[in-house]
Every structure is written in structure tokens, then in C-alpha cells.
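Below is one structure; the comments refer to it alone.
Every read-out reported here was derived from the displayed coordinates using simple, explicitly stated rules and does not represent laboratory data. Keep in mind that this is a model prediction, so the values were computed, not measured. Backbone-built Cβ (ideal geometry, glycine too); neighbour counts: all protein chains shown.
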Amino acid sequence: MGFIFAIIVGGIAGIIADRLMDANNPLILNVILGVVGAAIFNLVLGVVFGLWGGNILFKLLAGVAGASALIWAYRKYGGSR
């Protein structure tokens, strides 16, 4: 159940990050960037700062921040040139 929850929260985070950064990416890319961004950013916050958040708001905010960073990297280094 935790894996499905992570996909849902990551997907929502990806959609929010897409809207904040005005990226207009396809929905599946938003979900992928949200899930991967949330996983990476939660790991970084846990390892570097010792913040292993357990509530949904913490995971959603971390997901939005991580997805925004990945959207920025996707724009800068990947995507259509």
C-alpha cells in the first residue's frame, strides 16, 4: 500500500510542480517526475538533514520541490532542443 500511496502523492506533486513552473508536460511525464523527484528529495532531506518526514504534507512538499528541480533539469539538459 505504501508504494501506491507514493505514486499518488508523487503524481500530485508532479502536477503541482508542472503548474508552478508552467512546463506543460504530458501527464505521464508529470507523474514520473513527481515520483522520482519525491523519492530523491525525501532521501536527500533524510540523509543530509535527518528529516524523515512521515506525514502527507511533508512528502507532498518534498515531492513538489524535487519535481520542480527535475523539470528544471529536464528543460536545461533534455527535452526538445
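Can you give the calculated 222 nm mean residue ellipticity of the chain, where each DSSP H run of n ≥ 4 adds -39,500 (n - 2.57) and the sum is split over every residue, rounded to the nearest 500 deg cm²/dmol?
One gets -28000 deg cm²/dmol as the mean residue ellipticity at 222 nm.
Neighbour counts of C-beta atoms inside 10 Å place Leu61, Leu70, Leu33 in the sequence Leu61, Leu70, Leu33, starting with the fewest. Considering only alpha-carbon pairs that sit under 8 angstrom and 6 or more positions apart, the relative contact order computed for the stretch 2-74 is 40 percent. Each label point was placed 7 Å from the Cα along the Cα-to-Cβ direction; for Leu20 and Arg75 their separation is 1.3 nm.
When Phe5, Phe49, Phe58 are arranged by Cβ crowding within 10 Å, least crowded first, meaning fewest neighbours, the order is Phe49, Phe5, Phe58. For the chain, the membrane-span-like helices by this rule, meaning whole DSSP H stretches whose C-alpha atoms cover at least 30 Å of axis and whose Kyte-Doolittle mean is 1.6 or above, are 27-49; this says nothing about an actual membrane.
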